[in-house]
Structures are given as C-alpha cells and as structure tokens.
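Q: Got a structure here, written out as structure tokens. Questions coming.
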Amino acid sequence: QLQLVESGGGLVQAGGSLRLSCAASGSIFSINTMGWYRQAPGKQRELVADISSGGRTNYADSVKGRFTISRDNAKNTVYLQMNSLEPEDTAVYYCNTRGLKPLFGNTRDYWGQGTQVTVSS
C-alpha cells in the first residue's frame, strides 16, 4: 500500500526552527516531484516548496531564505527545514508527491495526512 508518512511538526516559539520529514512507502519505482503545502484556518491550501527528482527547487515568496527543501531519492523521503519561524507560518503542513510511479499500477499524485505546525509569538 503506497502512502506518505509525515513527522516533525509541533509547537515552537517565533524565531525557532522545525524540520519536517515525509517518507513515501510501498513499492515505488520513481517519484517526479515531492513537496510541501500548508493550510491555515480559513485559508486555501498553498504551496510552500517543492523539489524535482533532479534537485530543482521552488519556494513560495513568503518562505524564501527561511525554509530549505531537500530530498533523499534512495529513501523516497523529502525534508523541510524551517528556520526563523513566524506566527504566520502556523498551519497544517501536507506532504505531496506528483508523478509517483509504482512498480505495479498507474502513476498518480499522493498526499500525506498532514502535520500541525504552531508558532507562538
């Protein structure tokens, strides 16, 4: 069964850091893009950052210079290092894969269950 398992959320004071991890498990042949989205109460889900299989990264303007996305292709895992956190970063963070090709079956996109990040002022 293919799934994304997230970890690393929690409560932190403004200016602090957190590291999120997301591991894709199952019989996976390849993953095109891995990334993180977030959704704050009353707001739409938005892209935070993503990274291609070749390492090309893309960031939301609001997190540039503070967040760093990376991935370990051998482990099918993506990380999000979040520094200088601000109360505005408070949200549920969702892991996302685009173009996940399993060993058997069709290529499709997957979402994690979400992990809460709360930044206090």
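Q: Collect the residues in the range 77-99 that are closer than 16 Å to TYR110 by Cβ and at pLDDT 95 or above, keeping them in residue-number order.
A: Across the range 77-99, the qualifying residues are THR77, VAL78, TYR93, TYR94, CYS95, ASN96, THR97.
Q: State all residues of the range 17-41 that are under 21 Å from ALA91 (Cβ atoms), in contact (Cβ under 8 Å) with a residue 60 or more places away in the chain and surrounded by 15 or more Cβ atoms within 10 Å (Cβ to Cβ); if no residue qualifies, say none.
A: Listed by number, the residues that qualify are LEU18, LEU20, CYS22, THR33, MET34, GLY35, TRP36, ARG38.
Q: Any idea which residue in the range 44-69 is nearest to LEU18 (Cα to Cα), counting only those that are loosely packed, with under 15 Cβ neighbours inside 10 Å and small (Gly, Ala, Ser)?
A: Here the answer is GLY65.
Q: Has the range 75-92 got at least one residue that is under 26 Å from GLY42 (Cβ atoms), open to solvent by 50 Å² or more (accessible area, probe 1.4 Å) and among the acidic types (Asp, Glu)?
A: Checked against the condition, which is being under 26 Å from GLY42 (Cβ atoms), open to solvent by 50 Å² or more (accessible area, probe 1.4 Å) and among the acidic types (Asp, Glu), the range 75-92 yields at least one hit.
Q: Oh, and also: Please give the number of the condition VAL5 fails out of (1) open to solvent by 40 Å² or more (accessible area, probe 1.4 Å); (2) free of Cβ contacts under 8 Å to residues at least 60 places away in the same chain; (3) among the β-branched types (Val, Ile, Thr).
A: (2)
Q: Output the number of the condition that THR97 fails; it satisfies all remaining conditions of (1) open to solvent by 40 Å² or more (accessible area, probe 1.4 Å); (2) assigned to a strand (DSSP E or B).
A: (1)
The values are calculated or read from the model by the stated rules, or taken from the named source; none is laboratory data. These numbers were taken from a predicted model, which means no experiment stands behind them. Counting neighbours? That spans all protein chains shown, and the Cβs are built from the backbone with ideal geometry, glycine included. Just the protein is used for accessible areas: all its heavy atoms, side chains included, with ligands, DNA and RNA removed. Shrake-Rupley method; radii C 1.70, N 1.55, O 1.52, S 1.80 Å.
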